[in-house]
Each structure stands twice: as structure tokens, then as C-alpha cells.
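We did not get these values from a lab; they are worked out from the coordinates using the rules stated. Keep in mind that what you see is a predicted model, and the values were worked out from it rather than measured. Cβ: placed from backbone, ideal geometry, glycine included. Neighbour counts: every protein chain shown.
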Amino acid sequence: MDGRNWAMFLLPYEQAVEELKVKFKTLRGELKRREEYSPIEFVTGRVKRISSVLEKAKRLSVPMDKIESGIEDIAGIRIMCQFVEDIEKLSSLICAREDMTIVYCKDYIANKKDSGYRSFHIIVEYPVQTALGMKKVLAEIQIRTLAMNFWATIEHSLNYKYKEKLPADVTHRLSKAAEAAFLLDQEMSSIRDEILEAQIMFEEKSNVVSKV
Ligand code: 0O2
């Protein structure tokens, strides 16, 4: 495929990412207004770069004509939560939606990766309305706590720096940091009610101040 064909290939994925980001940000706002609390802290999204798509296709032995079904995270959405408990609540909300179909889930929280990576992934099929008609694309929704995201972001950049050949001491430190992130999530969960009460009080105070 030449550059223009790749750009055309990625169009529905770009549309899916933009639409899904808006939908989950809207869900956050709605839940905050309805229930004073949203399991969504913030949402990001990206379309995989062509070079990464090709690299992954090679690594997984996916032929070029099977990329659409064989590479599931060309469209990627990442949803950050405050607490581990929010992840289950949010995944139930996603599973109940009628604007996307769940393909399958990968639970790297119950089964953390050897690297120390923890996250809950949901692969969905999402229909986009394009100028040429409806097109279903696969998207990967990664749900993780702020602590899991902190760890994964750092580990991802270190792997990029060392081209996946991390020195042993860095691997060791990362493994300890993963354990620390796990403990941080546990500690925060144990005072969840206290934190939520404080946040609601703080938001109410900010609303009063901004109305004055
Ligand atoms: P990017 O830059 O986020 O696109 P794979 O794990 O890639 O061999 P699979 O089953 O397709 O095969 O992937 P999986 O397990 O669903 O993971 C895909 C994405 O999850 C990765 O995308 C990362 O975003 C994240 N991820 C998975 N494992 C790790 C890990 O050990 N560390 C970090 N930091 N992230 C991980 P990409 O394509 O790697 O990167």
C-alpha cells in the first residue's frame, strides 16, 4: 500500500477513536451529574502508527489482507480510573452499551503480565458511518487505574529507549515499582469512601465559589 492508501485505510479508525473519546467523556460528565461520582477519571485515545501496525503484523504473522481482523488495537482508547473497583463498574457499563459489540476481554489485573503490566482490555467492534457507508472496525479499550497508568507509561518509554532490551537492574526496579503501584491501589481502595466524601465536598465548595 502507498501512503495515500494507508491514510485512507486509517480513516475509519481515526473516526472511531474520535467518536469513542467523545462518548466516554460524555459518560463521565453524565455520571458525575447523576450520581456525583464517575468511575472515569480521564480518557485518551490514539490510532496506531503505520510502522507499529506493520511491526505487529510481522510479529504476529498476520498477512496484509488480514490486518483489519488480525490487529485489534489499531484504534485504541485508554480510560483511567481512580480505584481498582471502578474498573469492574466501568466494564459492566461498556458491556451493556448498544453502540458497540464486545468481542472479548483480557484481564491483565487478575493475571498480570510477567513485565508487571496490569490493565483490563476490552476488544470491541464499533460501527462507524463513513461517506461510503457503515464500516465496522475493531478497537481496544484499555481500562486502568492512575497507578497502573503511571507504571505502564514509564515502562513503555523505557522499553522504547532500550528497544525492548532492558538492563537487568532496570527490569528489577520496574518489577519493584509494579509492586508499589499494586500496593498504592490497595491502600487507596481501603480509604475509598473517605476520599470520595472529601472529593464531593471539595467539588460542592468549588461550585459555590464559582457561582459567587
Ligand atoms: P501502544 O504504543 O500502546 O500501541 P502483544 O501483547 O502486543 O504481544 P496483544 O495480545 O495484541 O499482543 O496485545 P495486548 O496484550 O492486548 O496489548 C496491547 C497493548 O497493551 C500494548 O500496545 C500496550 O498499550 C499495552 N501493553 C501490553 N503489555 C504491556 C506491557 O508489558 N507494558 C506496557 N507498558 N504496555 C503493555 P502496544 O502496541 O505495545 O503499544
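Among Phe24, Phe202, Phe83, what is the fewest-to-most ranking by other Cβ atoms within 10 Å?
With the fewest neighbours first, Phe24, Phe202, Phe83 line up as Phe202, Phe83, Phe24.
Going by how many other Cβ atoms sit within 10 Å of their own, how do Val103, Val137 line up, fewest first?
Val103, Val137
Check every DSSP H run in the chain and write down those whose alpha carbon atoms cover 15 angstrom or more along the long axis and whose mean Kyte-Doolittle hydropathy is -1.0 or greater.
Answer set is 3-35, 84-95, 146-161, 168-190, 192-211.
Past 18 Å, Cα to Cα: identify those pairs from Lys32/Lys89; Lys25/Lys89; Lys66/Lys112; Lys58/Lys161, in the order given.
In this structure, Lys66/Lys112; Lys58/Lys161 exceed 18 Å between Cα atoms.
Could you work out the percent of alpha carbon pairs in the stretch 45-164 separated by over 22 Å, rounded to a whole number?
In whole percent, the share of Cα-Cα pairs in the stretch 45-164 beyond 22 Å is 40.
Using a Debye calculation, one point per C-alpha and no hydration shell, please list log10 I(q)/I(0) for the stretch 1-98 at q = 0.12, 0.24 Å⁻¹ in order.
Relative scattering, expressed as log10 I(q)/I(0), comes to -0.50, -1.20.
Measuring from centroid to centroid over Cα atoms, what is the spacing of the stretch 98-164 and the stretch 1-79 in Å?
Distance between centres, Cα-based: 9 Å.
Mind jotting down a quarter of the surface of the convex hull over the alpha carbons of the stretch 120-164, in square nanometres, one decimal?
Averaging across all directions leaves 4.8 nm² for the Cα convex hull.
At q = 0.18, 0.24, 0.26 Å⁻¹, what is the base-10 log of I(q)/I(0) for the stretch 28-76 according to the Debye formula with one equal point scatterer per Cα and no solvent? Please give it to two decimals.
After summing over all Cα pairs, the log10 values are -0.60, -0.81, -0.90.
For the chain, what's the radius of gyration and Dmax over Cα atoms, in angstrom?
Reported Rg and Dmax, both Å: 19.3, 62.
Exposure proxy check: Ser210, Ser69 ranked by fewest other beta carbons within 10 Å?
Ordered from fewest to most neighbouring Cβ atoms within 10 Å, Ser210, Ser69 come out as Ser210, Ser69.
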